[in-house]
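Below is one structure, written out as structure tokens; comments come after it.
Read-outs: derived from the displayed coordinates by stated rules, not from any lab. This is a predicted model, so every value here is computed, not measured. Cβ coordinates were reconstructed from backbone atoms using ideal geometry, including for glycine residues, and neighbour counts include every protein chain displayed.
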Amino acid sequence: MTIQHFITLDDLPQSTLSNLIERAIELKALTKSGAIYEPLKNKSLAMIFSKSSTRTRVSFEVGMRQLGGGTLNLSPNDTQIGRGEPLEDTARVISSMVDGVMIRTDEHQKLTTFADFSSVPVINGLTDDFHPCQLLADIQTFVELRGAIQGATIAWVGDGNNVCNSFMNAARIFDFTLNVATPVDYRPNQTLVDCNQSNVHLFDCARTAVTGADVVVTDTWASMGQENEKDSRSAAFSGFCVDSDLMALADKDALFMHCLPAYRGMEVSNQVIEGKQSVVFQEAENRLHAQKALLEHLLA
């Protein structure tokens with residue numbers, strides 16, 4: 001039997017992804033009502049963290065608990081992975097004892113190798129290349145506040161990183177326009193740009209990309225593992241801070257999103273992230289509900 005993984009958004013058809021968004025909204029309402037719903041009772045999710053985490057760790061752990069299941073938090077230091085055990089062996093062993101695995105790591109190939117040898121669903125909790133779970137929460141947030149995302153214009157401002165890569169995939173799958181504004185040396189993966197060229201447009205100027213947009217999205221300029229580049233990146237990204245002047249160029253009802261953690265005064269001003277257009281904390285909470293829908297789909 002083929003195992004259904006969630007490594008990128010392309011692992012599930014558009015209809016299923018849309019259903020997950022709607023289901024996330026339903027599960028959110030169910031949770032708010034105080035109802036008990038436990039379709040994953042006696043199920044276990046192994047969570048392997050090679051990178052630190054706040055939202056991913058809390059949302060998956062609480063999500064499994066609310067659905068009636070349990071989690072195991074693992075790190076390389078806690079397991080034989082840190083002592084050189086082959087990923088293929090680790091995958092075979094762990095997947096024989098649990099019902100699903102969520103991995104947050106650096107090299108994307110580590111995740112795909114683990115999935116190739118896993119006998120249970122593997123979920124991408126973040127790699128250097130993609131962050132599909134974040135996009136489920138982002139699209140859920142848009143749908144809750146503005147309705148269908150098809151035909152919308154989203155402006156990405158900043159680094160062409162893993163979240164940007166997943167946004168490009170989402171633009172094609174959900175049929176919205178994505179304007180990506182980055183410094184020339186920090187553009188996203190060109191292969192992904194080519195794959196999504198009908199929906200993705202590259203800009204060197206943040207002001208041009210943001211003009212008329214329905215959503216403005218940014219992320220930290222120096223992701224985990226790039227801390228030693230912080231000074232050089234700060235210089236390179238001059239002019240790419242999402243401040244009030246930049247937001248004023250977007251649609252008057254435009255939303256501001258950020259996957260967090262945010263560094264005020266760097267990629268976003270304090271006025272914007274704390275302003276009335278900011279939905280970053282609703283977006284963060286929706287990680288819980290979107291991932292519950294995903295867990296229900298993959299494990300129940």
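Taking only the alpha carbons of region 70-226, what extent do you get along each of the three principal axes, in Å, biggest first?
Its Cα atoms span 51, 34, 24 Å along the three principal axes.
Each residue of region 16-24 in turn: what ³J(HN,Hα) in whole Hz from Karplus with 6.51, -1.76, 1.60 and θ = phi - 60°, glycine and Pro shown as x?
The phi angles translate into 5, 4, 5, 5, 5, 4, 5, 5, 4 Hz.
Percent antiparallel among DSSP beta bridges with both residues in the chain, to the nearest 5?
Roughly 0 percent of the DSSP beta bridges within the chain come out antiparallel.
Could you rank the peptides 290-296, 55-61 by their average count of other C-beta atoms within 10 Å per residue, with the highest value first? The partial results should precede the final answer.
Working: 290-296: 25.4, 55-61: 20.1.
The densest-packed peptide leads the list: 290-296, 55-61.
Jot down the radius of gyration and Dmax of region 175-233, Cα atoms only, both in angstrom.
Reported Rg and Dmax, both Å: 12.8, 37.
Which of the residue pairs LYS32/LYS276; LYS51/LYS110; LYS252/LYS292; LYS28/LYS276; LYS230/LYS276; LYS32/LYS110 have a Cα-Cα distance greater than 25 Å in the structure shown?
Check vs 25 Å cut-off fails for LYS252/LYS292; LYS230/LYS276; LYS32/LYS110.
In nanometres, what is the gap between the two model label sites at GLU88 and ARG207, each 7 Å from Cα along Cα-to-Cβ?
Each label point lies 7 Å from its Cα, and together they span 5.6 nm.
Amide H to amide H, which residues 5 or more places from GLY100 or on other chains are under 5 Å from it, using H placed in the peptide plane?
SER44, ALA46
Can you compute 3J(HN,Hα) from phi for each residue in region 265-271, using the Karplus curve 6.51 cos²θ - 1.76 cosθ + 1.60 with θ = phi - 60°, rounded to whole Hz and x for Gly and Pro?
x, 9, 7, 8, 7, 4, 4
Can you give me the long-range amide H partners of THR220? Hydrogens built in the peptide plane at 1.01 Å from N, cutoff under 5 Å, separation of 5 or more residues or another chain.
none
May I ask you to evaluate 6.51 cos²θ - 1.76 cosθ + 1.60, the Karplus curve with θ = phi - 60°, for each residue of region 158-173 and list the ³J(HN,Hα) values in order in whole Hz, giving x for glycine and proline?
x, 7, x, 9, 5, 5, 4, 4, 5, 5, 5, 4, 4, 4, 5, 5
Give the relative contact order (percent, whole number) for the chain; include only Cα pairs under 8 Å separated by 6+ residues.
Averaging sequence separation for qualifying contacts and normalising by length gives 21 percent for the chain.
Calculate log10 I(q)/I(0) of the chain for q = 0.10, 0.13 Å⁻¹, where I(q) comes from the Debye formula with a single equal point scatterer on each Cα and nothing for solvent.
-0.53, -0.90
May I ask you to compute the full-extension gain from MET97 to ASN270, defined as 0.36 nm times their residue separation minus their alpha-carbon distance, rounded to one decimal in nm?
Value of the extension gain: 57.7 nm.
Expressed as a rounded percentage, what relative contact order does region 135-283 have, with Cα pairs under 8 Å and six or more residues apart?
Details: 274 pairs, mean separation 35.4, N = 149.
Computed value for region 135-283: 24 percent relative contact order.
Over region 135-283, with a single point scatterer placed on each C-alpha, what log10 of the ratio I(q)/I(0) does the Debye formula yield at q = 0.15 1/Å?
These q points yield log10 I(q)/I(0) values of -0.68.
List the relative contact order of region 29-180 as a percent without decimals, with contacts defined as Cα pairs under 8 Å and 6+ residues apart.
Over region 29-180, the number comes to 18 percent.
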